[in-house]
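A.B. asks: Structure incoming, see below.
The values are calculated or read from the model by the stated rules, or taken from the named source; none is laboratory data. Given the structure is predicted, the values throughout are model-derived calculations rather than measurements. Note: ideal-geometry Cβ built from the backbone for every residue, glycine included; neighbour counts use all protein chains shown. Each accessible area value is taken on the protein alone, full model and side chains, heavy atoms only, with ligands, DNA and RNA left out. Shrake-Rupley method; radii C 1.70, N 1.55, O 1.52, S 1.80 Å.
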Amino acid sequence: MLNYFKIAANIVFRFLKAVYYLISFGVYIVQLSIRDLISTVTNPFLPNRPVGNVIPRGYPGHGGVWPEYTAPKRGEDFRSPCPGLNALANHGILPNNGKRITYAQLSHAIQHAYNLAPTLASQLTSAAKQLDQGRGWIDLHDLNVLNVVQHDASFTRPDIAFCPDQSIPHTDLINRLLDHASDGKHLSLTDFSYYSGLRRAECKRSNGQYTLSGSFIHKMIGSGTSVLMYSIFGGDIEALRVWLLDERFMDGWEPKNREALGHTIAQALTTSLAVEFSIDEKQALREGDVFYHE
């Protein structure tokens, strides 16, 4: 027989737990927004970090000097669908084995390696917390699940329906992306917008399990990825080629975004919205383009 007292107690407990999480999340969003607004408003009044000193002294990558690159051991080390995190692990800035990484480690590493404001680093890290399970850490391969970090119509991986292991860069897709630089040297925001439309259209045609159509949030994640590649790398296809294919940093490379307080959520969000609303999945294809079949 069902214990109705226990059922009622569980309902109350779960309700109070949900209220607590909602209040905590609201407080987090408010304080994050206030801090980010302060950084966004202050940045224009401060001198940019000087070339050669974008990454502070004492941090990996200062002056373009990165720790030694160590490729992951297949079958032993864990990697994610995100080249930004994989590069940090390959250079030993995050644990090289990709295991038991805390959120503080994640946030600290991406903040300083890519000159992000602490608020943006915190926001990006918060996506991984969906997979926490109460552990307080993640393995990089945990992020291979669909629609947390990885999403359909990726620039660097086939859809998960065709490629369950999302940790390995796809050479053909990456080279195809870089070939879309209009000037042959740099991917512009227009190039990223066009290529996003191309990938979404072709993946929708070929993938019966395509999930991006009804998810504005995950479309924005895709656009946000474009914006960060543009802001952090200046769209430079040679630096991006090394970062996306080998998942490492070129010798001498440092972030192109030189804001004194780091690149903020407001900056990234504004540009991401502009890119997202310029994407046209029904656009005319550029000369020589055809739909890619996964």
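A.B. asks: Which residue fluctuates most in the GNM of the chain (Cα springs below 10 Å): Pro169, Pro72, Pro81?
C.D. replies: Pro72
A.B. asks: So who's got an amide H within less than 5 Å of the one on His263, skipping anything under 5 residues away but keeping other chains? H placed 1.01 Å off N, in plane.
C.D. replies: Leu116, Ala117
A.B. asks: Okay, moving on. Counting only protein heavy atoms and using a 1.4 Å probe, what share of the accessible area of segment 1-65 belongs to carbon plus sulfur, as a whole percent? Please report the intermediate quantities before stating the final value.
C.D. replies: Values: 3900 of 5280 Å².
The computed percentage sits at 74.
A.B. asks: Hey, can you grab everything whose amide H is under 5 Å from the amide H of Arg248? Only 5+ residues off in sequence or another chain; H modelled, so Pro and N-termini drop out.
C.D. replies: The answer is Trp243.
A.B. asks: Could you rank Arg79, Arg74, Arg49 by how accessible they are, 1.4 Å probe, largest area first?
C.D. replies: Sorted descending by solvent-accessible area, the residues read Arg74, Arg49, Arg79.
A.B. asks: Okay, moving on. Among Cys203, Cys82, Cys163, which one moves the most in a GNM of the chain with springs linking Cα atoms closer than 10 Å?
C.D. replies: Cys163
A.B. asks: OK, next. Could you give me the ³J(HN,Hα) list for segment 202-217, computed from phi with Karplus coefficients 6.51, -1.76, 1.60 and θ = phi - 60°, whole Hz, x at Gly and Pro?
C.D. replies: 6, 5, 4, 6, 9, 10, x, 10, 4, 10, 7, 4, x, 10, 5, 4
A.B. asks: Output wanted: per-residue J couplings in Hz (rounded whole) for segment 145-158, from phi through Karplus 6.51 cos²θ - 1.76 cosθ + 1.60, θ = phi - 60°, x for Gly and Pro.
C.D. replies: Per-residue couplings from phi come out as 5, 5, 6, 10, 9, 6, 8, 5, 6, 5, 6, 10, 9, x Hz.
A.B. asks: Run down the lysines and flag those whose C-alpha is under 23 Å from the C-alpha of Lys219, throwing out any fewer than 8 positions away in its chain.
C.D. replies: Reachable lysines: Lys129, Lys204, Lys282.
A.B. asks: Okay, next question. Under a GNM of the chain (C-alpha, springs under 10 Å), which listed residue has the highest mean-square fluctuation: Thr156, Thr119, Thr70?
C.D. replies: Thr70
A.B. asks: Right, another one. How far is it, in nm, from the label point at Ile7 to the one at Tyr20 when both lie 7 Å from their Cα along the line to the Cβ?
C.D. replies: It is 2.5 nm.
A.B. asks: Right, something else. Note the full-extension length gain between Ser126 and Gln283 as 0.36 nm times their separation in residues minus their Cα-Cα distance, in nm to one decimal.
C.D. replies: Residue separation times 0.36 nm, minus the Cα-Cα distance, leaves 53.1 nm.
A.B. asks: Give me the number: length gained by fully extending Asp251 to Gln105, i.e. 0.36 nm times residue separation minus the C-alpha to C-alpha distance, one decimal in nm.
C.D. replies: Roughly 50.2 nm would be gained on extension.
A.B. asks: What does the extension gain come out to for Tyr69 and Ala260, with contour length at 0.36 nm per residue minus their alpha carbon separation?
C.D. replies: 66.0 nm is the gain from fully extending Tyr69 to Ala260.
A.B. asks: Moving on. Could you derive backbone 3J(HN,Hα) for segment 242-250 from the dihedral phi with the Karplus parameters 6.51, -1.76 and 1.60 (θ = phi - 60°), listing whole Hz in sequence and x where the residue is Gly or Pro?
C.D. replies: Once θ is set to phi - 60°, the couplings for segment 242-250 become 5, 5, 7, 7, 8, 6, 8, 9, 5 Hz.
A.B. asks: A further question follows. Enter the Cα centre distance for the pair segment 248-278 and segment 191-235, rounded to the nearest angstrom.
C.D. replies: When both Cα centres are located, 17 Å separates them.
A.B. asks: Continuing with the same structure: Counting C-alpha atoms alone, how compact is segment 2-148: give Rg to one decimal and Dmax as a whole number, in angstrom.
C.D. replies: In order Rg, Dmax, the Cα atoms of segment 2-148 give 19.7, 69 Å.
A.B. asks: Which whole-angstrom value gives the distance between the alpha carbon centres of segment 47-99 and segment 100-155?
C.D. replies: A separation of 14 Å, based on Cα centres.
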